Amino acid sequence: MENVKKMADRMPAAIPLPEEFLALFEWMETNDFLMPSGAYVGDHLGLLGTNDDVQSECVTAILFRIATPAQAREFGEGWFGDVVPGIEHRLVPFARTGGDGSYAAFWLDDEGYRQIVHLGSEGLVCLLGRTPLDFLRLLAIGYQEISGDCLGFPDEPPAEACGNSAYRAWLADRYGITIPERAREILGDFPNEEVEISDDPFWQWVRKTQDERDRA
């Protein structure tokens, strides 16, 4: 499992790769649901099906690749400048969630807990469930993109559901879980790009940290 080890080894000690993600990465590699990265030579992108499945919209379009520490630092500084020392140990992008340049990432919160979060290209930031398994269940619903119809219309089932058939079967078999029909059932209330106040802890941390950046 060369790609699995490569990805897991990039995680900082304080945020080890969750067991559920190790299992997912092993499943993708076993089934050869990988494609070479055009931007990062030598890396592969994990998929929920074959590349043809992605192109024909038979699976949710998400590209898994854990950033290297240097890449995570560059990503974090793009959002927060240099106000968070060692940002690469607290925020690690692990998947491109849409064609708009949005990402899912692991975030180490102020209490030292690992969270899974969304950083949208248009400013939508929020938790993506409370547990790694929540996130995997969210993917299985069948939205075309997490950063698109999933977060844009969480109270609606996917308008044109992607089958995700192989992924759904693996997830149900391994974890014995049910898959909801709508994103809201997993995400609950979360902030959109225009809110001025939110209970979402990642939204609060982003706003606080960006305010510090802007005052620096």
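The values are calculated or read from the model by the stated rules, or taken from the named source; none is laboratory data. All of these numbers come straight from a predicted model, not from anything done at the bench. All Cβ positions, glycine included, derive from the backbone under ideal geometry; neighbour counts span all protein chains shown. The accessibility values were calculated without ligands, DNA or RNA, using every heavy atom of the protein model including side chains. Shrake-Rupley method; radii C 1.70, N 1.55, O 1.52, S 1.80 Å.
What is the Cα coordinate range of the range 1-108 on the first, second and third principal axes, sorted by size from largest, in whole angstrom?
42, 29, 24
Computed from these coordinates, which is Rg and Dmax of the Cα atoms in Å: [x] 16.6, 51; [y] 19.3, 58; [z] 28.1, 103?
The calculated read-out lines up with [x].
Out of Pro158, Pro12, Pro85, any idea which swings most in a Gaussian network model of the chain, alpha carbons joined below 10 Å?
Pro85
What percentage of the solvent-accessible surface of the chain, computed with a 1.4 Å probe over protein heavy atoms, is contributed by carbon and sulfur atoms? Could you put the intermediate results ahead of the total?
Numbers: 4910 of 10340 Å².
Carbon and sulfur atoms account for 47 percent of the accessible area of the chain.
With a 1.4 Å probe and every protein chain left in place, work out the accessible area per residue of the chain in Å², rounded to a whole number.
48 Å²
Heads up, I need the accessible area for Tyr40: 1.4 angstrom probe, whole protein in place, Å², nearest 10.
Around 90 Å² of this residue is reachable by solvent.
Might you report the magnitude of the Cβ-based charge dipole of the chain about its Cα centre, with Lys and Arg at +1 and Asp and Glu at -1, to the nearest 20 debye? Spell out each step's value before the answer.
Values: 18 positive and 38 negative charges, 123 e Å.
Dipole size: approximately 600 debye.
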